[in-house]
Amino acid sequence: MHYTAKLTKEKDGGYSVSFPDLDGCFTQGNTLDEALERAKEAMELTLEDVFDGHPLPEYRTRENQPKGLYRVDVSPSLATALQIAVIRGRVPQAVMARDMGMTPQAYMRLEDPKSNLSVKMLDRFARAVGKRLVITFE
């Protein structure tokens, strides 16, 4: 999972950063590397709104570095937690936990980007929501 950041070189130095596909996500950096690092932080903070019931923003803008458009990858742990939250939708976590035969606390770890999830647990979730787990590497 990734989004594209728009980096604009400022006249007085540094870069301003926005995300065409993430409303209200802005940051800045003194160097290109710093701007991209801060872009990742700002993007991931914005994406955490999904856990509060906001929809996952659609990715539309493509990378084009000569035009200042840079791909910024979402950390795998956050991407996994976001996808689980999106699939769960409006079903309460407690209901998902019950349907999966686990405690609500155990289920909450599925949507915690800091958790160390096993493939077995991810497969269990996928089956509970009528899906199958597919892992790809890019």
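The values are calculated or read from the model by the stated rules, or taken from the named source; none is laboratory data. All values reported here derive from a predicted model rather than from experimental measurement. Every residue, glycine among them, receives a Cβ derived from its backbone with ideal geometry; neighbour counts consider all protein chains shown. We work out accessible area using only protein heavy atoms, side chains counted, and drop any ligands, DNA or RNA first. Shrake-Rupley method; radii C 1.70, N 1.55, O 1.52, S 1.80 Å.
Gain in length, H2 to T103, computed as 0.36 nm per residue apart minus the alpha-carbon separation, to one decimal in nm?
In short, 33.2 nm is gained.
Please list, in chain and number order, the residues 5+ apart from D112 or on another chain whose amide H is under 5 Å from its amide H, with Hs placed from the backbone.
Residues meeting the amide H criterion: none.
Pairs of Cα atoms under 8 Å, at least six residues apart: use those to get the relative contact order of the chain, whole percent.
20
Using a 1.4 Å probe on the protein heavy atoms, what percent of the accessible area of the chain belongs to carbon and sulfur?
After summing per-atom areas, the C and S share lands at 50 percent.
Please list, by residue number, every one of the GluC sites (Glu not before Pro) in the stretch 38-130 that is coil in DSSP and has at most 10 other beta-carbon atoms within 10 Å.
Taking the stretch 38-130 and a limit of 10 other Cβ atoms within 10 Å, the loop GluC sites (Glu not before Pro) found are E58.
Taking every alpha carbon pair in the chain, what does the distance histogram look like in 5 angstrom bins from 0, in percent?
2, 10, 18, 19, 16, 12, 10, 7, 4, 2, 1, 0
Quick one: which residues, 5+ away or cross-chain, put their amide H under 5 Å from the amide H of H2? H built at 1.01 Å from N.
V74
Roughly how many Å² of S115 are accessible to a 1.4 Å probe, to the nearest 10?
30
Where does helix 76-88 land angle-wise versus the long Cα axis of the chain, in degrees 0 to 90, nearest 10?
60
Can you give the accessible area of T8 in Å² (nearest 10), computed on protein heavy atoms with a 1.4 Å probe?
Looks like 60 Å² after rounding.
What is the sum of charges around V95, taking Lys and Arg as +1, Asp and Glu as -1, for the other residues whose C-beta is under 14 Å from the C-beta of V95?
Combined, the nearby Lys, Arg, Asp and Glu give +1.
Restrict the search to the stretch 1-82; then list the trypsin sites (Lys or Arg not before Pro) that DSSP places in a loop and that have at most 12 other Cβ atoms within 10 Å of their Cβ.
K11, R60, R62
What FRET efficiency would be calculated for the residue pair V134, V86, taking the C-beta separation as r and a Förster radius of 22 Å, to the nearest 0.05?
FRET efficiency, V134 to V86: 0.90.
Give me the accessible area per residue for the stretch 1-110, probe 1.4 Å, as a whole number in Å².
Value returned for the stretch 1-110: 60 Å² of accessible area per residue.
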